[in-house]
Each structure stands twice: as structure tokens, then as C-alpha cells.
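Data block below; observations after.
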Amino acid sequence: MTFLEYAPAPESRSVLHLRESYGLFIDGDFRAGSGDTFATISPADESHIATIASASEADVDTAVAAARRAYDKTWSRMSGRDRGKYLFRIARLVQERARELAVAESLDNGKPIKESRDVDVPLVAAWFFYYAGWADKLDHAGLGADPKSLGVAAQIIPWNFPLLMLAWKIAPALAAGNTVVIKPAETTPLSALIFAEILQQADLPPGVVNIVTGAGATGAALVRHPDVNKIAFTGSTGVGREIAKAVAGTDKKLTLELGGKAANIVFDDAPLDQAIEGIVNGIFFNQGHVCCAGSRLLVQESIHDDVVDRLKTRLSTLRLGDPLDKNTDIGAINSREQLDRIRELSAIGEAEGAERWSAPCVIPDNGFWFAPTIFTNVQASHRIARDEIFGPVLSVLTFRTPAEAIEKANNTPYGLSAGIWSDKGSRILAVADRLRAGVIWANTFNRFDPASPFGGYKESGYGREGGRHGLLAYLKGASA
Ligand code: ADP
């Protein structure tokens, strides 16, 4: 089969006005940190983007103190209506600077520009618009008239959706009347620092949002800080466990959004063309760096060969390469460390006897890349069927009956998401009812909406983000 060649169509970087180095955003201004600095690089070619401050324990303390002052003096005293005005303003500024944010995100993270432009950044604006609307309606949240905020929220986010995870965290916290200290991931601080400029443009009162960059040690200092009232974490299950231990015995409120190993279940009556697109979107969107990715394909035995053939044909058309190219489908893996992990687990998959197929992509010389890969003949006991790979790797298993599909889907320590593909609405409802997963998509996958709560069961964490539930995580007297 031959395909059309595409000429390069790179998005211009001229819209970006980056500084050479960024300090910490504390009390409304950038300031030098007292700790070391580190470089943020482009995973597509390993080039240097900017020098970033690493917040020390003392810097974290300064940021928390600024958040506390802002909470006591301004934010907790402001009416919901006025808080909402700031959130609407932030949402509009995100829209105005959307192209710049999308380019920065793709540069720093490695994700294709068509995803950051069409998914991440529009959802960021949508999240702020949505929670802006809640700010003056908290007495309709089901917690009685005039529910109270918690205080200072410490928020720690991962690198897979840097700006979107920031929005998921900051928008409900501010709407509910809390102030924030947020730590972006060490490989993707850039869009959060541009967002800090947006907060300045929006005239958000100093200290309401503070952004401390750094690695795990900065995050740990934030978690341990005695003047923090709430911790919201999205990241790996291992770090989530450490945070839960550190918080145990304190009165800090905690929500955790951790890993996943979602089953994407395809029944023999599914609309197959649509299902193939959904499977591809489920695991190859954002290079599979998605906690709710459909990484385990459970396909009914009678259609297994057909589905796998169609998938291979479809994957052979995906274009891997420059994240800033508008035609790119598969961007770069976010870091060398993550690439090593994907390679290691894939090698284990082969060693355990699964059959590996990788799309015939040309891999660029520099940067971190992994071709979309499918494993067939996967057994439920294989590591690639159990561990979260967090990369563009799909493990295919089969089932014969709905009961077997449900049993296999639930046979995981995780419980974040699942997908069901079938023509029968009654079957979808019956199966969904028995899946232990926080989010279940039917005849679609990886759809997000600010009005819809998102979160896990079991080792995928606890608490919900999004919707009214997302507010409850930031109000007294409620558990999300
Ligand atoms: P991932 O596997 O997605 O990189 P991590 O859990 O390692 O997930 O990282 C998610 C976020 O948690 C990052 O911002 C990271 O810096 C931070 N982090 C890592 N270790 C700790 C820790 N011990 N305490 C608090 N935050 C941490």
C-alpha cells in the first residue's frame, strides 16, 4: 500500500516569547529561588528550552505563607461573584493566548500540536469557564447554604497534560474560595510559567496562586508543609502511596488521581470502523501518556483477527515525528526515563511470550521516540497486561462471553476507566454496571468534559475531579 507523502507543515514558534530563565511565581511575581536550577528540554530533539528554578524547602515555605496571607486577607473574604469574575477573565485570556500555549506545550511535552491545539488548550479554557460559573453558586452544591473553603491547597501535577492538569486543579480550588500552591512536573514546567503571566494579566490578587517548580523533593516539601489544608495529587501510584502515608494522621484533606490499566472491551456486534478509531484514540492519543488510556484491548474471540488486521493497517498510516508539525499523529515520548520504561516493559512482553508488532515508522535521530506497538497473544498474567506502561503500547486479550469480559476487565489493581463497544444499549448498560472503574465510555474513548466527574477506584486513587463533585474536594464537610 502506498500513501501520500505530506510536506512538512510546522506551526511557527514565533508566537512564543520565552525568557531564558524562569524563577518561582510567588505572591504575584517571579522571583529567584534559593535552590538549584535545572533545564527543561524539548523531548523531540533534546534541545534546551529554558532554565528553571528548583524550589527549596524555604521557597516552598515562602509560597505557602503567601497563599495563607492571600487566603486570610483577600480570597476567602471575596464574594463568589467576584471570584468568578477572575476565573472568567483567566478563561478568556487562555483563549486569547491559545496558540502560544499550544506551541509551548508541544515544545516542552512532545505532544502533537493538533492535540495541544484542539484538545488540551480548549479544555483548559472550558475548565475555567465551567468553574467560574460555580463560584457564586456554591450554596447549590448540596452542602447547605454558604459552604466553607478549606484554606491553602497544595497541588502536584504530572507531565502528560501539564496545562490541563493545572486547570483541573486550580479552577475548582479557586472557585470554592481556596488559595493555591501548585507544583508542575519537572520535565514540563513551561506552560505553567506562561500561565503565571496570564494570572498577572488577569490581575489576580497576589498570592492566590503560587507556582513552585522543581522535582520530587519540592513536591515532598509541599506535602509535608504544616500550613497546608488540602493536597491534590495526580501522578504515579507509587508516589501517591508515599503522599497518603505522609498525610496520614494529619487533618489535611487528600485526593489522589493515580495510574490505570483500562480495559477497552470490543463485542462482536460493535461498529468496527468506529471501534478501530476509538481503540487508536484510546491508547495512541498523547503517545499513550494517559492515566485512563485503553491499554488493554479485550476483543471478542470471533472478531480478534479482523480487529488486529484493521488496527495494523490503521497504525501504518499514523505519522510520527515533529510535535509542532500539524500533520503529526504521534509525537515524542516525554523523557528518556519514560522511554526506558516503555522499552523495558515491551522487552518483558516479548520475553514472556507475547507477539510484538510495531508500526513501520521512521524514527528521528535525536529525541525520544517509540513506534506505536501492539502485543497479541497476551495472557492476563503477563506484565504488559498488568503494569501501566504509559506509552504507545496496546496489549490485546480475548474473551468469549460478557461474563468473561467483565472478569478480565476487573482483574487489575487499578480502576480508573474502561470502554465498551457494542451495538446493543442494554448490553452496554449491563456490562458498565459491573465494571469497577470510575469512568466508563460507551462507543467512544478519552472524552473529557468539565461537567463530568473523573476519578478512580482501588489503586487508581480516590476523590473526583470535574463537575459538582470536583468542587466538593475543596469544600468543608464534603468528601468528593
Ligand atoms: P510520573 O510517573 O507521571 O512521572 P510521578 O508520580 O513520578 O509520576 O510524578 C508526578 C508528580 O509528582 C511530579 O510533579 C513529581 O515531581 C511529583 N513527585 C515525585 N515524587 C514526589 C514525592 N515524593 N512527593 C511529592 N511529589 C512528588
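The values are calculated or read from the model by the stated rules, or taken from the named source; none is laboratory data. It should be emphasised that the depicted structure is a prediction, and the values quoted were computed from it without experimental measurement. Backbone-built Cβ (ideal geometry, glycine too); neighbour counts: all protein chains shown.
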Give the residues of segment 152-165 that are away from the ligand (no atom under 11 Å from the Cβ) and either buried (at least 24 other Cβ atoms within 10 Å of the Cβ) or more than 20 Å from PHE390 (Cα to Cα) (or both), sorted by residue number.
VAL152, ALA153, LEU163
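Each row is one residue, and each column tells you yes or no for (1) polar (S, T, N, Q); (2) modelled with pLDDT of 95 or more; (3) buried (at least 22 other Cβ atoms within 10 Å of the Cβ); (4) out of contact with any Asp or Glu (no Cβ under 6 Å at 6 or more places or on another chain).
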| position | (1), (2), (3), (4) |
| --- | --- |
| PHE129 | no, yes, no, yes |
| GLY142 | no, no, no, yes |
| ALA145 | no, no, no, no |
| PRO172 | no, yes, yes, yes |
| ALA175 | no, yes, yes, yes |
| LYS183 | no, yes, yes, yes |
Which of the residues belonging to segment 322-338 are without any contact (Cβ under 8 Å) to a residue 60 or more places away in the chain and surrounded by 19 or more Cβ atoms within 10 Å (Cβ to Cβ)?
GLN338
Those residues that are assigned to a strand (DSSP E or B) and either surrounded by 19 or more Cβ atoms within 10 Å (Cβ to Cβ) or of a type outside the set (Val, Ile, Thr) (or both), I need them from segment 18-40; list them, please.
SER21, TYR22, LEU24, PHE25, ILE26, ASP29, PHE30, ARG31, PHE38, ALA39, THR40
Determine whether ILE342 is in contact with a Gly (Cβ under 8 Å, 6 or more places away or on another chain) and part of a helix (DSSP H, G or I).
yes
Positions within segment 375-407 being of a type in the set (A, V, I, L, M, F, W, C), within 20 Å of GLU459 (Cα to Cα) and surrounded by fewer than 15 Cβ atoms within 10 Å (Cβ to Cβ), in sequence order
ALA380
I want to confirm something. Restricting to segment 237-264 and keeping residues that are of a type in the set (Gly, Ala, Ser) and out of contact with any Leu (no Cβ under 7 Å at 6 or more places or on another chain), which single residue is farthest from the ligand (Cβ to nearest atom)?
GLY249
When the residues of segment 430-467 are narrowed to those that are touching a strand residue (DSSP E or B) at 6+ places or on another chain (Cβ under 9 Å) and among the aromatic types (Phe, Trp, Tyr), which ends up surrounded by the most Cβ atoms within 10 Å (Cβ to Cβ)?
PHE445
Only unsatisfied item for GLN274, checking (1) surrounded by fewer than 22 Cβ atoms within 10 Å (Cβ to Cβ); (2) within 16 Å of the ligand (Cβ to nearest atom); (3) modelled with pLDDT of 95 or more; (4) polar (S, T, N, Q), is (2)
Within the bounds of segment 197-214, is there any residue that is farther than 28 Å from ASP82 by Cβ and either in contact with a Ser or Thr (Cβ under 8 Å, 6 or more places away or on another chain) or not acidic (Asp, Glu) (or both)?
yes
Out of the residues in segment 202-216 meeting the condition of being touching a residue at least 60 places away in the same chain (Cβ under 8 Å) and near the ligand (Cβ under 9 Å from one of its atoms), tell me which one is surrounded by the most Cβ atoms within 10 Å (Cβ to Cβ).
GLY214
Could you list all residues from segment 359-374 that are buried (at least 23 other Cβ atoms within 10 Å of the Cβ) and either more than 21 Å from the chain's Cα centre (by Cα) or among the β-branched types (Val, Ile, Thr) (or both)?
THR373, ILE374
Tell me, which helices (runs of 4 or more DSSP H) lie completely within segment 227-327 with 1 or more residues that are within 27 Å of GLY463 (Cβ to Cβ)?
237-247, 272-284
Hey, VAL228 of a type in the set (A, V, I, L, M, F, W, C), away from the ligand (no atom under 14 Å from the Cβ), surrounded by 22 or more Cβ atoms within 10 Å (Cβ to Cβ) and at pLDDT 95 or above or not
no
Just wondering, is there one or more residues in segment 191-201 that are within 17 Å of the chain's Cα centre (by Cα), more than 7 Å from the ligand (Cβ to nearest atom) and among the polar types (S, T, N, Q)?
yes
Residues ALA132, ALA125: which one is in a helix (DSSP H, G or I), of a type in the set (Gly, Ala, Ser) and over 16 Å from the mean Cα position of the chain (by Cα)?
ALA132
Hey, among the residues in segment 171-187 that are under 16 Å from LEU24 (Cβ atoms) and in contact with a strand residue (DSSP E or B) (Cβ under 8 Å, 6 or more places away or on another chain), which one's farthest from the ligand (Cβ to nearest atom)?
THR179
When you scan segment 374-480 for strands (runs of 3 or more DSSP E) that lie fully inside it, which ones turn up with 1 or more residues that are more than 14 Å from LYS261 (Cβ to Cβ) and without any contact (Cβ under 8 Å) to a residue 40 or more places away in the chain?
439-442
